[in-house]
Amino acid sequence: METPRRRYPKFLLPVLLVLLCLCITAIVVISAWLKVDTKETAEAYLANGKKYHIIVTGSSENESFLKQVYKGASQVSDSYDAVVELAVPESQAEDVSLQSQLDYCSFAGCDGVIAYINSEKTTIVPPETDAGKVIPLITVGHYSPLIPQLSFIGTNYSELGITLSRLILSYLKNERSLLIVNTNNRNDPNYSILMNTLTNTMANSPRIITEMLNYNSGGDLSIEDIIRKKLTGSDSVDLIVCLKEDDTIRVAQTVTDLNKVGEIKILGFGESPEALQYYNKGIITCMLSQNLVKIGETAMKEMFEYKNNGSANSFITADVQILPEERK
């Protein structure tokens, strides 16, 4: 007796076609979100015959930071038989969450991720392979113990506070006035450590008049207006210390606009070409920065230390460069 053929519903094929189209659309959308040419990346991956695929990712506002980390990772990639890909949103106007970017890393099936973490980010779902295996994640930027990272590479904020104190004292010679600009989130434990170390050290120099300019968005005046108002007031300021690159650039712009270059020294942070330009012009007196290329190299070292030996350092202190101490 002939077994009757199984008949499938007529709507099954159209449904499958719709699902296929949705998958293709998702791929296109994710690729459009990020500065990634998937075809080029895949071709490079196959043409080079590399064994491993590592993705460097983060927000567009940290693109210059990530480009240097990517450069360092790429420089040593051949040693690890790996290809490194940089994936960041196309522009700052796009509201692309870090989780979306990590989801892209999962979709790409990469072997490791190096991600920039913002100070406000506390939890994420780590990237996974199709089989549900967690992809090794190394973080840079801001440390959060809640993020399931393999390693964090960044600043030791207690040591940074001591370094800043030493530089402040060398510029002010234990007297005159100091303004510290701080726009960091007060709930950020990293900057709490930095400020505690800095203020405790400065307490030993009572002849230095220290003023804190704390700012949180939401007030009537912008941070630029507050800085300008302070610098055009009756109280003189000899040295301004900025704890973030954005603030360093804002202060450099304001000091330039007010024709106070040379009159007011600026000690700040910066890694971007814009910050370096202000430094090269002598507007920023002293600039601290992390060795971002070295961070990229270290991230690759830790990634493959874990892959080869099953362990890695959980916290690695990044080198801080000072440009330059001799310009005092």
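Some notes on this structure:
- If you filter the range 209-237 down to residues that are of a type in the set (Val, Ile, Thr) and either at pLDDT below 80 or surrounded by 13 or more Cβ atoms within 10 Å (Cβ to Cβ) (or both), you find that the one that is farthest from the chain's Cα centre (by Cα) is Ile209.
- Test: residue in the range 260-277 that is over 25 Å from Glu63 (Cβ atoms), modelled with pLDDT of 90 or more, surrounded by fewer than 15 Cβ atoms within 10 Å (Cβ to Cβ) and among the hydrophobic types (A, V, I, L, M, F, W, C): no
- Residue list for the range 71-90, filter: at pLDDT below 90 and touching a Ser or Thr at 6+ places or on another chain (Cβ under 6 Å): Val88, Pro89
Yes/no per residue for (1) open to solvent by 60 Å² or more (accessible area, probe 1.4 Å); (2) of a type outside the set (Val, Ile, Thr):
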residue: Glu128; (1), (2): yes, yes
residue: Gly132; (1), (2): no, yes
residue: Thr139; (1), (2): no, no
residue: His142; (1), (2): no, yes
residue: Leu146; (1), (2): yes, yes
residue: Leu150; (1), (2): no, yes
residue: Gly161; (1), (2): no, yes
residue: Arg166; (1), (2): yes, yes
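- The set of residues from the range 281-301 being in contact with a strand residue (DSSP E or B) (Cβ under 9 Å, 6 or more places away or on another chain) and of a type in the set (Val, Ile, Thr) comprises Ile283, Ile284, Thr285, Ile295, Thr298.
- Selection status of Cys110, modelled with pLDDT of 90 or more and assigned to a loop (DSSP other than H, G, I, E, B): yes
- Candidate set from the range 289-311 (those that are without any contact (Cβ under 8 Å) to a residue 12 or more places away in the chain and out of contact with any Ser or Thr (no Cβ under 9 Å at 6 or more places or on another chain)); member that is nearest to Ile249 (Cα to Cα): Ser311
- Qualifying residue in the range 285-303 (condition: surrounded by fewer than 16 Cβ atoms within 10 Å (Cβ to Cβ), over 22 Å from the mean Cα position of the chain (by Cα) and among the β-branched types (Val, Ile, Thr)): no
- Among the numbered conditions (1) of a type in the set (Gly, Ala, Ser); (2) open to solvent by 30 Å² or more (accessible area, probe 1.4 Å); (3) not in a loop (DSSP other than H, G, I, E, B), the only one that Ser119 does not meet is (3).
The values are calculated or read from the model by the stated rules, or taken from the named source; none is laboratory data. All figures in this text were calculated on a predicted structure; none of them were measured in a lab. Backbone-built Cβ (ideal geometry, glycine too); neighbour counts: all protein chains shown. With ligands, DNA and RNA removed, areas are computed over all heavy atoms of the protein, side chains included. Shrake-Rupley method; radii C 1.70, N 1.55, O 1.52, S 1.80 Å.
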